[in-house]
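Written out below as structure tokens is the structure these notes cover.
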Amino acid sequence: MSGLQEPSFEQLAVRAVEYATKRGADEAAATVRKGRSISVQYRDGDLELLREAQSSALSIFLFVDNRYSSHSTCDLRPTTLDGFIDHAIELTRLLGQDPCRRLADPKLYEGRPDDDLEIWDPAYQDLDPERRKALAREAEAVARANEGPIISATGSYTDQQSVMTRVHSNGFSGAQRGTQFWVGAEVSVRDAGERRPEDWHFAGSRRISMLPSPAEVGSQAAKRAVARMGQKKLSSGETRVLVDSRAAGRLVGALVGAMSGAALQQKRSFLLDRLGQRIASPLLTLIDDPLLPGGFGSRHFDSDGISSRRRRLIGEGVLEEYLLDVYYALKLGAEPTGGGTSNLVFSGGEHDVAGLAKEMGSGIYVTGILGGNTDGTTGDFSHGIVGFEVSGGSIKGPVGEMNITGTHADLWDRLIAVGNDPYPYSANRVPSLLFDSVAVSGA
Amino acid sequence: MGDPKYFEARFGVTNEQIRKVLSAALERGGGFSELFFQHARNTGVGLEDGVVNRAGSSVDLGVGVRVVVGDRTGYAFSEDLSLPAMLAAARTASGIASGGASREPGSLTPVRLPSHYDTDYDWSTVGVDRITPVLASIDELARRADPRVAKVQASFVGHQSTILIVTSDGRIVADEQPMTRLGLNVVMEQGGARQSNSHNLAARAGMDTYTSESVRNLVDVAIERTGVLFDAVRPPQGELPVVLAAGSSGILLHEAIGHGMEADFNRKGVSIFSDRIGRPVAQPFVSIVDDGTHQALRGSINVDDEGTPSERTLLVEEGVLRSYLHDRISAGHFEVSSTGSGRRESFRHIPLPRMRNTYMLPGPHTKEEVIANVKKGVYCISFTNGQVNIGAGDYTFYVKNGWLIEDGKLTAPLKDVNIIGNGPETLSRITMVGDDLEIDKGGWTCGKDGQGVPVSLGMPTCLVSSITVGGSA
């Protein structure tokens, strides 16, 4: 990408790589990042917080006699930087050898896409400080004006701009810049006894013109908090569970985590030796799409410099591709496919939450996952949940202080419907997911 | 004790410059301004597949400028310690104030601190060659301990943070904060099945944390807690009596009461513990403290990140709710003294009321009595993570190792169980407390508003008569 604001950044990265190789590194890579972030927060009618952050950092990755280390610093003065790199090379020589540590084969740098990712908004430059305040103030004011016993409302606005450049000693050079704009609201309400249930809504976009209105965000947050009043605990049993798009990312994250090269090579993955096999219901098709316009994870290359491509990870329930970075691919004796995911996109889905609830009949509509974890080696999971009871195909009163427990193998096999409502405020655009027969513990 | 001249000696930041920056921060009439200088050096080393084959280091340097007007905060930071860059950050932070007379800072008086850890230690001078043998010994010990061991990963972190806090009311405080953590992941294979687990040891101390005994114990615990998982079962689902083992079960306190006692939530009235000070919340044999003064413990601090000396704060005294955890803003709001709980992740972050080392004081019962008292329930030993909704009071924690209790005896190992309860309800259901308080030495990190700070946990054996356990049908 051309037209970066900071041409000196690339020079800084090039210089660091050149210096490292001159001082004895066989190969080196460097990234330089610069970011600026501004936040404004209003609470109960008053400006509560103004925060501005400007950061720069250089990271260097060193390959010295089959030894590897990585280092970062925010002290970018050239004189300090040389000493920092010298020290880092010296440190690397004290480590054991690992022949799998090397930069990517330059063939993987080829074919880099140049699509406009639509992740940079030129309007950022001209944003007025008063507009930032107005957005946060409106989110808060609308939230607080909502009906219900509201104790406290907070409205916030944050934006950020980031620029990154990456250089490898074996021929890779790339840069990317992006902007993000976020508006949010958090609301606490007074419930029976001492309970003060809270809820929130945060919405973001890559372009400020795409940002949902602060009034809509504030109103959503308040309605959600009010809807939490009078929570009940249902009795334990096995039931259908509809996980809202806002909460489902946590479950998908555990599935994707088990596809990573590190987890596989270290035998800490319940998806080990499952490539090409059915691991989920045929309703699950999961795509990694780095070229999604305006996506929070959109990119032209990954952290190994591998050129981005759209890839199907799971196709109709069959595991089609692992996430192998250069290092773990070499360790596994496989071809690198790219270690991390960019934007996760699901296919299919005909219904929204109301439609899914109708299909579900009765069970629990989960709107939030509270803690819990997954054992990535076995796929066993157990999570706290908050949500609503569903009966007769419609959403009823709030429930909580309950757990869902099971194994990922069973859970994904029991996926019986996928929503048409991918969560738009994350790189993981997970829709609402309906599962059959999940163990729910409550009273 | 830390050196108040460190930033002058290394980076040329003089007291005269500091006064100029504090003044600039107050030029629009803010009530209070503060500078938080930090120079942090971090080294990490890792072993995988039998070789110490990775290391990393990082350097972080900067100053955070905060301006406070009542409950309102302006904040900016600079990674450049030159005077023009610091003044620019100060003017940005001053934007929170809406006008009024500018003020001059008071004269700067150094504050002397008690020492709860070795402030002469410096991790940045410890070479990687001293770490590699420790990691290699972990690998060797683990592989020798059990033939089922298939994979071992070991990792080390040594962190040194030098801080200097200067406030417009004339306080100047320096501290040297060492921190270290050593941990391992183990994978075992048995008859085609695989299990994994991890364990770690952390301290605000130096290399002497790692004796041959402490390293051996670290490995032994990881091996034992992994091997037992091959026989582990899921408990029945629903509400059950829960016995918390002495040690890291303090995670219950951290989630069920600790966060809710952080005074920022209470000054906003959004915690389930708001308006409960002075009221009974538990049986008289329940006392809970948050204590930053334990020698060399991970969550200990000589001074908080606002310049207030650390202390031992009684949250619950003999069953009665006593004090919130205060930072400067909440102390002003409630017209009390700060409890030295204003902490931040780094100079890039604003301080917030946070926990340090949270634990329950010993009670009247023995561990054996507590377990014998349960007909059918669970005994929780190790944990991975927890979370809480402050206002509703619902909290959870995830149990990695435990046992089923049947007729007062531990009968079968448990695994991967989430437990969910309500904070005040759980406190009122603590029916027995053991005399065996144990402070956990694990490397816990507490997250709040996107900021992580090191904390510790402790607990005597304790019985909660009923909490919801995530089991299978």
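Each value in this text was obtained by applying a stated rule to the coordinates, not by laboratory testing. Everything numeric here is computed off the predicted structure, so don't read it as measured data. Neighbour counts run over all protein chains shown; Cβ positions are idealised from the backbone, glycine included.
Some points to look at:
- Shape call, the protein assembly as shown: gyration tensor on alpha carbons, a/c limit 1.5: rounded
- Estimated distance in nm for a label pair at residue B:366 and residue A:46, the labels positioned 7 Å out from Cα along Cα-to-Cβ: 5.7
- Figure legend: label point modelled 7 angstrom from the Cα of residue B:136 along Cα→Cβ; residues of the range A:85-99 with amide N under 15 Å from it are A:93-98.
- Separation of alpha-carbon centers, the range B:59-101 and the range A:23-68, rounded to whole Å: 19
- The amide H of residue B:438, built 1.01 Å from its N in the peptide plane, has B:247, B:459 as neighbours under 5 Å, considering only residues 5 or more places off or on other chains.
- Cα Rg, Dmax, chain A, angstrom units: 24.2, 72
- Within the range A:68-172, GluC sites (Glu not before Pro) in DSSP loop having at most 12 other beta-carbon neighbours inside 10 Å: A:110, A:147
- Two-site FRET efficiency, residue A:320 against residue A:350, from Cβ-Cβ distance with R₀ of 22 Å, rounded to 0.05: 0.40
- The helix-only estimate of mean residue ellipticity at 222 nm for chain B, built from DSSP H runs of length n ≥ 4 each weighted as -39500 (n - 2.57), is -5000 deg cm²/dmol after division by the residue total.
- For GluC sites (Glu not before Pro), the sites in the range A:335-414 that DSSP calls loop and that have at most 16 other Cβ atoms within 10 Å are A:350.
- Net charge of neighbours whose Cβ lies under 10 Å from the Cβ of residue B:106, counting Lys and Arg as +1 and Asp and Glu as -1: +1
- Those residues of the range B:65-84 whose amide nitrogen sits under 16 Å from the label point placed on residue B:14, 7 Å along Cα→Cβ: B:82-84
- Cβ-Cβ distance of residue B:3 and residue A:37, R₀ of 22 Å, FRET efficiency by 1/(1 + (r/R0)^6): the value works out to about 0.10.
- Comparing A:333, A:355, A:379 in a Gaussian network model of chain A, where Cα atoms under 10 Å apart are tied by springs, the biggest mean-square fluctuation is seen for A:333.
- Each Cα pair under 8 Å and six or more residues apart adds its sequence gap; the mean of these over the residue count of the range B:46-116 is a relative contact order of 23 percent.
- Within the straight-line cut-off of under 28 Å between alpha carbons, the lysines reachable from residue B:409 are B:367, B:375, B:376, B:400, B:441, sequence neighbours fewer than 8 places apart in one chain being disregarded.
- Working note: Karplus 6.51/-1.76/1.60 with θ = phi - 60° gives the range B:447-462 the couplings x, 7, 6, x, 10, x, 10, x, 9, 10, 9, x, 6, x, 4, 8 Hz, where Gly and Pro are set to x.
- Protection proxy ranking, highest mean first, for peptides B:127-134, B:410-417: B:410-417, B:127-134, where packing is the per-residue count of other beta-carbon atoms within 10 Å, averaged.
- Average Cα contact separation per residue, chain B, under 8 Å, 6 or more apart, as relative contact order %: 16
- Helix A:129-145 axis, angle to chain A major axis (alpha carbon atoms, nearest 10°): 20
- When B:81, B:252, A:255 are arranged by Cβ crowding within 10 Å, least crowded first, meaning fewest neighbours, the order is B:81, A:255, B:252.
- Listed by Cβ neighbour count within 10 Å, with the fewest neighbours leading, B:255, B:318, A:321 appear as B:318, A:321, B:255.
- Counted by neighbouring Cβ atoms within 10 Å, the residues A:283, B:427 run from fewest to most as A:283, B:427.
- Test item: Cα-centred dipole of the protein assembly as shown, Lys/Arg +1 and Asp/Glu -1 on Cβ, debye: 380
- Theoretical FRET efficiency, 1/(1+(r/R0)^6), r = Cβ-Cβ of residue B:146 and residue A:235, R0 45 Å, to 0.05: 0.60
- Principal-axis analysis of the Cα atoms of chain A puts helix A:214-227 at an angle of about 50° to the longest axis.
- In sequence order, calculated HN-Hα J values of the range B:376-381 (Karplus, 6.51, -1.76, 1.60; Hz; x Gly/Pro): 9, x, 10, 10, 9, 10
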